[in-house]
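S.K.: Got a structure for you, written out below as structure tokens; questions coming shortly.
Computed from the coordinates by the stated procedures, all read-outs in this text should not be read as laboratory data. These numbers come from a predicted model, not from an experiment. A quick note on method: Cβ atoms are made from the backbone with ideal geometry, for glycine too, and the neighbour counts reach across all protein chains shown.
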Amino acid sequence: MTEQLFKQAKDKLQEIKDYLVANNAELEQFRIAFLGTKNTIRPLFSEIRNIDNARKKEYGQLVNELKQTAEERFEQLKGGLTSAATEHVEKPDLTRSVNANNIGTRHPLSLVQEQICDIFKRIGFTISEGPQIENDFHNFTALNFPPHHPARDMQDTFFISESEIALRTHTSSVQIRVMENSEPPFRTISPGRVFRNETISARAHCQFHQVEGLYVDKNVSLADLKQTLFFFANEMFGQGTKIRLRPSYFPFTEISAEMDISCFVCDQKGCNICKKTGWVEILGCGMVDPNVLNNCGIDSEKYTGFAFGMGVERIAMLKYKVNDIRLFFENDVRFLQQFASVV
Ligand SMILES: [Zn+2]
């Protein structure tokens, strides 16, 4: 009996020494088991009457040691929990990814559009914006597209009400609003989204972006247009870029031209981008048709102007060698992330 009680007390001592806790709830369980009012050490004290007289003193010391050890162990475990909590706050988690916060990238169309606007702002152009849903007058009639004129077929769009309200086909509609509401002289560019009823393919989309420019003043000439666009081409595509104008047709300009730049990829030696010609088409331009000025209440005998317009997607495709226009609108992060380093 004596030996059995000694063993029981020693086992309990070992149990206390080996006890581990992971949190405050487990610490509380320890406290209840060994230090509480109904703790498991207390019954061992009353067992002293069953111990042989010769060993009563030894047993008493053992049970006292049990109580003392339980108190010490409790303080140890409590301290361990506190320092573990402190460690968690102070020590960085070295297993975490260094790129926990992904910073987004700017869209290539925004990059190109802003670059174009910045160049023209430096030579005195203001920025004008207007509605994407336009009426017939601002999108067609004022721009010298009379009703039923075949030129309207070049810019088929999405009509919202019968032939009156439509999604704008170009940002020239913004230029009409500028001319209606202000007196010359003005130099302004109109960036924005436009829409055409086109079959979606690698080369065409039903939505795209334009930057159109307009300069109206006394004595504005073709020489002014050419020099302005020459400046733009050199700023946008690098110094030494050559330009050439080819005759073309637009209802709202007379004369009208397409502007090409010398191929910046092959330096005019001939490549796939320039289709071996050494020239790349960049924009359309011309002198504002006097009818357009008159439609907006500007005296075409007194004022002349030039206008130009370019597609932002086309320039972005050339600049970043993107071969499918649809990529700009899919917003696939694998595509967009490639522009992270572009500023
Ligand atoms: Zn080339």
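S.K.: Quick test for you: out of 37, 82, pick the one residue that is in a helix (DSSP H, G or I) and surrounded by fewer than 12 Cβ atoms within 10 Å (Cβ to Cβ). Walk me through it before giving the result.
M.R.: On the way: 37 fails: in a helix (DSSP H, G or I).
Being in a helix (DSSP H, G or I) and surrounded by fewer than 12 Cβ atoms within 10 Å (Cβ to Cβ) holds for just one of 37, 82, which is 82.
S.K.: Okay, moving on. Of the residues that make up region 266-284, is at least one within 15 Å of the ligand (Cβ to nearest atom), crowded, with 21+ Cβ neighbours inside 10 Å and of a type outside the set (Val, Ile, Thr)?
M.R.: For region 266-284, residues within 15 Å of the ligand (Cβ to nearest atom), crowded, with 21+ Cβ neighbours inside 10 Å and of a type outside the set (Val, Ile, Thr): present.
S.K.: Further question on the same structure: In region 68-83, which residues are without any contact (Cβ under 8 Å) to a residue 60 or more places away in the chain and in contact with a helix residue (DSSP H, G or I) (Cβ under 8 Å, 6 or more places away or on another chain)?
M.R.: Going residue by residue through region 68-83, those that are without any contact (Cβ under 8 Å) to a residue 60 or more places away in the chain are 68-80, 82-83.
69, 70, 73, 74, 77, 78 - these are the residues of region 68-83 that are without any contact (Cβ under 8 Å) to a residue 60 or more places away in the chain and in contact with a helix residue (DSSP H, G or I) (Cβ under 8 Å, 6 or more places away or on another chain).
S.K.: Can you run down the residue pairs with Cβ atoms below 7 Å, 6 or more apart or on separate chains, where the first is in region 243-267 and in a strand (DSSP E or B) and the partner is within 16 Å of the ligand (Cβ to nearest atom) and of a type in the set (Gly, Ala, Ser)?
M.R.: Final answer for the pair search is 243/233; 261/233; 262/278.
S.K.: In this structure, does residue 237 turn out to be within 33 Å of the chain's Cα centre (by Cα), within 16 Å of the ligand (Cβ to nearest atom) and either among the charged types (D, E, K, R) or surrounded by 15 or more Cβ atoms within 10 Å (Cβ to Cβ) (or both)?
M.R.: Answer is yes for this residue.
S.K.: Among the residues of region 121-166 satisfying the criterion of being within 19 Å of residue 192 (Cα to Cα) and among the charged types (D, E, K, R), which is surrounded by the most Cβ atoms within 10 Å (Cβ to Cβ)?
M.R.: Checked region 121-166; the qualifying residue surrounded by the most Cβ atoms within 10 Å (Cβ to Cβ) is 134.
S.K.: What's the total number of residues in region 244-265 that are of a type in the set (Lys, Arg) and within 16 Å of the ligand (Cβ to nearest atom)?
M.R.: Selection size over region 244-265: 1.
S.K.: Which members of region 285-313 meet the condition of being part of a loop (DSSP other than H, G, I, E, B) and either in contact (Cβ under 8 Å) with a residue 24 or more places away in the chain or within 16 Å of the ligand (Cβ to nearest atom) (or both)? Reasoning before the result, please.
M.R.: The initial filter retains those residues of region 285-313 that are part of a loop (DSSP other than H, G, I, E, B), namely 289, 296-303.
Residues satisfying the conditions are 289, 296, 297, 298, 302, 303.
S.K.: Right, here's the next one. Would you please list the contacts, defined by Cβ atoms under 8 Å and residues six or more apart or on different chains, that run from a residue in region 136-165 that is within 21 Å of residue 290 (Cα to Cα) to a residue that is assigned to a loop (DSSP other than H, G, I, E, B) and among the aliphatic types (A, V, I, L, M)?
M.R.: Correct list of pairs: empty, since none qualify.
S.K.: While we're on this one: Within region 176-218, track down each residue that is within 17 Å of residue 304 (Cβ to Cβ) and either of a type in the set (Ser, Thr, Tyr) or assigned to a strand (DSSP E or B) (or both).
M.R.: Within region 176-218, 182, 186, 187, 188, 213, 214, 215, 216, 217 meet the criteria.
S.K.: For residue 322, indicate whether it is more than 15 Å from the ligand (Cβ to nearest atom) and of a type in the set (Val, Ile, Thr).
M.R.: Against the criterion (more than 15 Å from the ligand (Cβ to nearest atom) and of a type in the set (Val, Ile, Thr)), residue 322 qualifies.
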